[in-house]
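See below for the structure under consideration.
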Amino acid sequence: MSSSIPESSGGKLNVLSFAGKNKILHLGWMAFFLTFFVWFNHAPFLSAIGESMNLTKDQVKTLLILNVALTIPARVIIGMLTDRFGPRIVYTAILAIGAIPCFTFAFAQDYNTLALSRFLLGFVGAGFVVGIRLMSDWFPASELGAAEGIYGG
């Protein structure tokens with residue numbers, strides 16, 4: 001690198017840098033932010049969605065449960081896919097494919113479409129797993145905790 005500031009020294013990250021492994025760190029947390037935002041995007045609007053679509057309280061509660069229901073098993077599947085194909089390919093796939101149920105939810109006209117799309121968005125919620133692996137691939141043990149803290153924070 002031609003920079004006079006070292007990328008890292010003594011186990012400290014240079015979070016102001018967007019070069020080398022720091023680029024991966026920043027792109028990683030941005031991808032995580034997007035996946036979290038897509039996965040949890042309905043929560044602030046759930047009462048408005050319920051009112052506009054005349055949902056019952058039980059249907060609203062079911063949407064909340066469905067959003068989390070697939071996330072736990074999806075983490076195992078996403079983890080295995082990450083081991084096989086690598087974190088960059090899997091994260092890209094999650095972001096690209098996850099757009100389909102995200103837009104389906106946004107344009108849903110009935111409860112069944114809302115429920116199915118929220119259930120499928122559980123896979124997007126598993127994106128966190130990919131970034132943890134990505135950080136561990138790029139950062140040494142002396143910087144890994146800080147990198148994963150920035151990634152997940």
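The values are calculated or read from the model by the stated rules, or taken from the named source; none is laboratory data. From a predicted model like this one, the values you see are computed outputs, not experimental measurements. Here Cβ is always computed from backbone atoms with ideal geometry, including for glycine, and neighbour counts include all displayed protein chains. We work out accessible area using only protein heavy atoms, side chains counted, and drop any ligands, DNA or RNA first. Shrake-Rupley method; radii C 1.70, N 1.55, O 1.52, S 1.80 Å.
Annotations
- Label-to-label distance, nm, for residues given as ASN54 and PHE103 (7 Å Cα→Cβ offset): 2.9 nm
- Against the chain, whose longest principal axis comes from its Cα atoms, helix 111-120 is set at around 20 degrees.
- Taking Cα atoms only, the orientation of helix 71-85 departs from the longest principal axis of the chain by about 40 degrees.
- Taken over region 9-153, the alpha-carbon convex hull comes to 109 cubic angstrom per residue.
- Aspartates and glutamates whose Cα lies under 12 Å from that of LYS61, excluding same-chain neighbours fewer than 8 positions away: none
- Carbon and sulfur %, accessible surface of the chain computed with the full protein complex present, 1.4 Å: 69 percent
- Value of [θ]222 nm, deg cm²/dmol, for the chain, DSSP H segments ≥ 4, -39500 (n - 2.57) each, nearest 500: -23000 deg cm²/dmol
- Lys, Arg +1 and Asp, Glu -1 on Cβ, resulting dipole of the chain about Cα centre, debye, nearest 20: 120 debye
- Accessible surface for ARG133 stands near 70 Å², nearest 10, in the context of the full protein assembly shown (1.4 Å probe).
- Surface listing: ILE100, ILE150 arranged by accessible area from highest to lowest gives ILE100, ILE150, probe 1.4 Å.
- Taking all protein chains together, GLU143, GLU51 sort by accessible area into GLU51, GLU143, largest first [probe 1.4 Å].
- The candidates LYS61, LYS21, arranged from most to least accessible area with a 1.4 Å probe in the full protein assembly, appear as LYS61, LYS21.
- Rounded to the nearest 10 degrees, the inclination of helix 57-69 to the longest alpha-carbon principal axis of the chain is 30 degrees.
- Residue-level accessible surface for MET30, protein heavy atoms, 1.4 Å, Å²: 80 Å²
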